[in-house]
Amino acid sequence: MIGKQNRNKQSLFIVGDIQQFIPNDHILRRVDRILDLTWLREEVRENYCEDNGRPGIDPEAAVRLMLAGFFHGIVYDRKLMREAQVNLAIRWFAGFSMQTTLPHHSSLTRIRQRWGDEKFKKVFERTVKTCIDKGLVSGETVHIDATLIRADVSWESITTQHAETVLTENEQEKEDSEGKRAKGRPRTREHHPKKISTTDPDATMVTSKKNFQLEPSYKQHTAVDDKAGVIVDIAVTTGEASEGQRLVQTIESIQETTGLQYRQVTADAGYAHGRNYGALEKRGIGAIIPPQRERSKESKIPIRRFKYDGKNRIVKCPAGKLLRPKTQRTNGWVYTPATCDCRGCALRARCLPESARVRSILIVDGYEALLRARREKLRGWDAETQRMYNHHRFRVEGVHGEAKTQHGLRRAVRRGLANVAIQVYLTAAVINLKRLAKALLPGPDSLNYAYFLFIILGLDGWGVFFSETMLKLE
């Protein structure tokens, strides 16, 4: 028969704890068993006055509110507090009873402003150390990559930056009027003024692909351990910062945070710089980074035909002439031969255009390590190296997709580099806590699987499985 529910029937009293209304497999209930924020009160004590003003929100309750919002993909404070009014799990996780009045949403904003991004970075670093203590970080292979985060600005706020251009042109005109010789070659291409956002100057116009439109963005630099997908380091910069130039800095930051010396690093071709290969070799770290294709016109003799002698710091051209270092640049040295050597060379027509006098070769820092990486890639990576590079795709790129689709990191919700960093740190902390909860507190699916093994394997087989699992968790 068809049942009927009386919706007008209300209870005057509800007997029991709020916890009984939260399922045992709820993510917040599982995370509550492993989350320890008792240290936070002493950490932020310096940001409060001891004997003046009204009592503020408990620091642990404030962070728990923010984390609960990110677990549910709620990144806006107003929406979070509205959800907390009716969501028993969020109330219980943050420590608020049914009779307690929840704080105003602006209180969370003031807390972020008062603490700064460094306090939230320590919340993330604590999750990393907990993952290390529980055996979720191997310290063998780390995957490094970067992704863009759309800034919270409108297209109407994008304007052209004229001030610096005008000042530069005035200085050049002043030097010309004083009779000074301008350094460098004259500009032949039209100057394109830089576009910035008036509401968020920290965001810069970048794109992830050439056929995509430029957008005001920030850039997140992520390092993920291979074993369980734990984020071991994360940083935020403006969108125009080069991820390839931050590789060494990321390695040093990982070692400082974890205290581990990784055996190998994987990254995409954007990190394939000679300086990175050389720095990793000096540290004894294997680089699983596919080298970029050699940039050379077909009409010219490619650079690979020039033999480099790093010990004597000379370059020998295909005709047997010597090139020596002449000019130092930020990424290496420019090697140039004598003018007379190129003037009567039989390969001149194939080596350089008619307007040039000599052929110059840029030898980047770490050039020898770059050559070794190219030769190794040409010979073909072995199965293990290829397997680890395939892990790079779903480990670190999977973390970026998870943060954007499940935790609201596709777009920044606040403006300024510090505010975006807070959003990134909390999102990374939430992802690490999910990894901990999954490994240490298996959910109902894992329990059903264990029951299936008990039926199939019998008591002895189940005992072996249980003992091996507990050893892994320890």
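Nothing in this text is a laboratory measurement; each read-out follows from the coordinates by a stated rule. What you see is a predicted model, and the numbers here were worked out from it, not measured in a lab. Neighbour counts run over all protein chains shown; Cβ positions are idealised from the backbone, glycine included.
So, counting K/R as plus one and D/E as minus one, what does the shell of residues with Cβ under 11 Å around Val75 add up to? Please list the in-between numbers first.
Details: positive: Arg78, Lys79, Arg410, Arg411, Arg414; negative: Asp77, Asp152.
Overall, the nearby charge balance is +3.
Please state, to two decimals, what the Cα-based radius of gyration of region 196-291 comes to when divided by 2.2 N^0.38 Å (N = residues). Before the final figure, lay out each step's value.
Working: Rg = 15.1 Å, N = 96, 2.2 N^0.38 = 12.5 Å.
Here the Cα radius of gyration is 1.21 times the empirical estimate.
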> Put a dot 7 Å past each Cα toward the Cβ at Leu214 and Cys340; how far apart are the dots in nm?
Replying inline: 4.9
